[in-house]
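*Asks:* My questions will all concern the structure given below.
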Amino acid sequence: MSSRNRTVAYLFTTFPKSTETFLQREIVAMRAQGADLRLYSMWGGQTSFRGLPVTRFNKWRLCTLVWLIPYESWRRPEVLRELLRGLCTRRAPSWLNFWENMLGAGFACVFARHFRRLQPALVHAAWGGAPATAAWILWRIDGHRYSAAAHAYDLFEHGGDWWLREKLQGAAFVHTSTEMARAALVARGGPAERIVCIRRGLDVLPKFKRLRATRRRLHLVCVARLVEKKGLEHQLRVYAALRAAGIEFEARIVGEGPLRASLDRAAGELGIGAQVTFTGHLPHHEVWDQLSWADALLHTGVIAPSGDRDGLPNVIPEAMSIGVVVVSSPVAGTREAVTDEVTGLIADVEQPSAWVAALRRIATDDVLCERLRAGGRKWVEENFDAHRNAARLRVEQERAMSSGIAAPVEATRTMG
């Protein structure tokens, strides 16, 4: 590898993706740090981002695996043996995770020759699923140094990613964005000294809005995918409790997902259809419009039956940055940003009366609201600056690129 080659190859599942603006901010901030980036999208996406080409994986190229698998297996037979042993001795936690890993493996095999020519100084996987599988296999067959990001979905959905332990062990470092996820990664056998918590961030802080002088009719917003871990059925019961308590409000739920029909039906059954609007998916600039309108952001996150849960949803610090008071359930990584009575309010989703009490305070107590708004903005300024956090990530990448440790292409790994 040439010492002058400082290229970082970023692997994404889909890039750019409208619901993953935090990754777009990361790329913008990394480029501002002077990083030489090559972007790869495994499943759809666009061909460019902010003038930077995005190499998309044409799925028809999977047909070439008919001869590429024998060729790569001839070059590194121990890697094929390892993969086959894993396929025969362990079950994937779900079919979705199985195919995510197969996508990453297919990408690695198809792009192996490309990466031999490119010789990037580092391959960075933006997710612990397909991108990390690709990075891990590229490391195993050709010794490309790699790093990986692992977040709540990779850790908790149906017990976590199929091959997560191997990916953690081989990575130069592992990036996660919450202390909750870092602790979980260490508990799963990840090397603590190589797991770093670096938060996401905003590239530009928005103007801090004024507190509405009168909040007799509360403006409430929720920004979330309509999936189980968001606890939206609990949230609808909170709205029903508000209505029963005589508190006037208008609520907007921004997002799309498989629970849309059942939630719409539940809102009608609870008699809150006139107060609750499902906007569907909105472009990110329109989400900011909704935050500008809102007095409070509600986050009713829970642990889903599959085990999936949120880390720290980006909309929470986004709301805090603009001056929206956050009321959140005490689940997963949300409490890393939302400290009760300091940066927001905490309420149990099983107790709608607690949410009613919190929202009544927001409707009537200016002093409380200003204290929480100021505390939230301060947390964002100190913890959620995309450029500052990208600089930290860049330090980790530079350290990995400069290390003398190269992956042993001939090494075998024990499958668990």
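The values are calculated or read from the model by the stated rules, or taken from the named source; none is laboratory data. It should be emphasised that the depicted structure is a prediction, and the values quoted were computed from it without experimental measurement. All Cβ positions, glycine included, derive from the backbone under ideal geometry; neighbour counts span all protein chains shown. Ligands, DNA and RNA are stripped out before the accessible areas are found, and what is left, the full protein with its side chains, is counted by its heavy atoms. Shrake-Rupley method; radii C 1.70, N 1.55, O 1.52, S 1.80 Å.
*Asks:* Is it the case that region 172-191 has a residue that's of a type outside the set (Gly, Ala, Ser), farther than 19 Å from residue 131 by Cβ, in a strand (DSSP E or B) and open to solvent by 10 Å² or more (accessible area, probe 1.4 Å)?
*Replies:* No: region 172-191 contains no residue that is of a type outside the set (Gly, Ala, Ser), farther than 19 Å from residue 131 by Cβ, in a strand (DSSP E or B) and open to solvent by 10 Å² or more (accessible area, probe 1.4 Å).
*Asks:* Of everything in region 27-56, what is within 16 Å of residue 123 (Cα to Cα) and open to solvent by less than 20 Å² (accessible area, probe 1.4 Å)? Give them in sequence order.
*Replies:* Those that are within 16 Å of residue 123 (Cα to Cα) and open to solvent by less than 20 Å² (accessible area, probe 1.4 Å): 27, 30, 35, 37, 39, 40, 41, 42, 54.
*Asks:* Just to be sure I understand, how many residues within region 134-166 are under 25 Å from residue 304 (Cα atoms), part of a helix (DSSP H, G or I) and of a type outside the set (Asp, Glu)?
*Replies:* So the count comes out to 8.
*Asks:* Taking the condition in a loop (DSSP other than H, G, I, E, B) and either open to solvent by 30 Å² or more (accessible area, probe 1.4 Å) or among the polar types (S, T, N, Q) (or both), does residue 214 pass?
*Replies:* On the way: in a loop (DSSP other than H, G, I, E, B): yes; either open to solvent by 30 Å² or more (accessible area, probe 1.4 Å) or among the polar types (S, T, N, Q) (or both): yes.
Taking the combined requirement at face value, the residue satisfies it.
*Asks:* Identify, by number, the condition in (1) assigned to a helix (DSSP H, G or I); (2) loosely packed, with under 13 Cβ neighbours inside 10 Å that residue 91 doesn't meet.
*Replies:* Checking residue 91 against (1) assigned to a helix (DSSP H, G or I); (2) loosely packed, with under 13 Cβ neighbours inside 10 Å, the one that fails is (1).
*Asks:* I've got another one for you. For region 399-416, what are the residues that are open to solvent by 60 Å² or more (accessible area, probe 1.4 Å) and at pLDDT 90 or above?
*Replies:* If the condition is that a residue be open to solvent by 60 Å² or more (accessible area, probe 1.4 Å) and at pLDDT 90 or above, then 399 is the only one that fits.
*Asks:* Are any residues in region 1-50 polar (S, T, N, Q), assigned to a loop (DSSP other than H, G, I, E, B) and touching a residue at least 40 places away in the same chain (Cβ under 8 Å), and if so, which ones?
*Replies:* Filtering region 1-50 for residues polar (S, T, N, Q) gives 2-3, 5, 7, 13-14, 18-19, 21, 24, 33, 41, 46-48.
Those still in the list that are assigned to a loop (DSSP other than H, G, I, E, B) too: 2-3, 5, 13-14, 18-19, 33, 46-47.
Those that are polar (S, T, N, Q), assigned to a loop (DSSP other than H, G, I, E, B) and touching a residue at least 40 places away in the same chain (Cβ under 8 Å): 2, 5, 13, 18, 19, 33.
*Asks:* If you check residue 237 against the conditions, is it without any contact (Cβ under 8 Å) to a residue 40 or more places away in the chain, open to solvent by 60 Å² or more (accessible area, probe 1.4 Å) and in a helix (DSSP H, G or I)? Can you show your working first?
*Replies:* Details: without any contact (Cβ under 8 Å) to a residue 40 or more places away in the chain: no; open to solvent by 60 Å² or more (accessible area, probe 1.4 Å): yes; in a helix (DSSP H, G or I): yes.
Taking the combined requirement at face value, the residue does not satisfy it.
*Asks:* Filtering region 117-133 down to residues that are assigned to a strand (DSSP E or B) and hydrophobic (A, V, I, L, M, F, W, C), which residue is surrounded by the fewest Cβ atoms within 10 Å (Cβ to Cβ)?
*Replies:* Filtering region 117-133 down to residues assigned to a strand (DSSP E or B) leaves 122-125.
Okay, now just the ones that are also hydrophobic (A, V, I, L, M, F, W, C), so 122-123, 125.
Working: 122: 22, 123: 29, 125: 30.
Top of the filtered list is 122.
Per-residue answers, yes or no, for (1) of a type outside the set (Lys, Arg); (2) in contact with a helix residue (DSSP H, G or I) (Cβ under 7 Å, 6 or more places away or on another chain); (3) modelled with pLDDT under 95:
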{"residue": "254", "(1), (2), (3)": "yes, yes, no"}
{"residue": "262", "(1), (2), (3)": "yes, no, no"}
{"residue": "267", "(1), (2), (3)": "yes, yes, no"}
{"residue": "287", "(1), (2), (3)": "yes, no, no"}
{"residue": "291", "(1), (2), (3)": "yes, yes, no"}
{"residue": "301", "(1), (2), (3)": "yes, yes, no"}
{"residue": "304", "(1), (2), (3)": "yes, yes, yes"}
{"residue": "310", "(1), (2), (3)": "yes, yes, yes"}
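*Asks:* In addition: Cβ-Cβ distance below 6 Å, separation of 6 or more or different chains: which pairs start in region 344-355 with a residue that is hydrophobic (A, V, I, L, M, F, W, C) and at pLDDT below 95 and end on one that is part of a loop (DSSP other than H, G, I, E, B) and open to solvent by 30 Å² or more (accessible area, probe 1.4 Å)?
*Replies:* Sorted first by the residue in region 344-355, then by its partner, the list stays empty.
*Asks:* Please work out which one of (1) within 30 Å of residue 94 (Cα to Cα); (2) assigned to a helix (DSSP H, G or I) is the condition residue 304 fails and give its number.
*Replies:* (2)
*Asks:* While we're looking at this one, here's another question. From (1) part of a strand (DSSP E or B); (2) open to solvent by less than 50 Å² (accessible area, probe 1.4 Å); (3) not small (Gly, Ala, Ser), pick out the condition that doesn't hold for residue 199.
*Replies:* Every condition holds for residue 199 apart from (1).
*Asks:* Within region 240-258, count every residue that is over 20 Å from residue 282 (Cα atoms) and either among the aliphatic types (A, V, I, L, M) or assigned to a helix (DSSP H, G or I) (or both).
*Replies:* Summing the residues that are over 20 Å from residue 282 (Cα atoms) and either among the aliphatic types (A, V, I, L, M) or assigned to a helix (DSSP H, G or I) (or both) in region 240-258 gives 7.
*Asks:* Every residue in region 51-88 that is assigned to a helix (DSSP H, G or I), of a type in the set (Phe, Trp, Tyr) and within 18 Å of residue 130 (Cα to Cα), please.
*Replies:* Initial filter on region 51-88 (assigned to a helix (DSSP H, G or I)): 59-75, 77-88.
Narrowing further to those that are of a type in the set (Phe, Trp, Tyr): 60, 67, 71, 74.
Listed by number, the list holds a single entry, 60.
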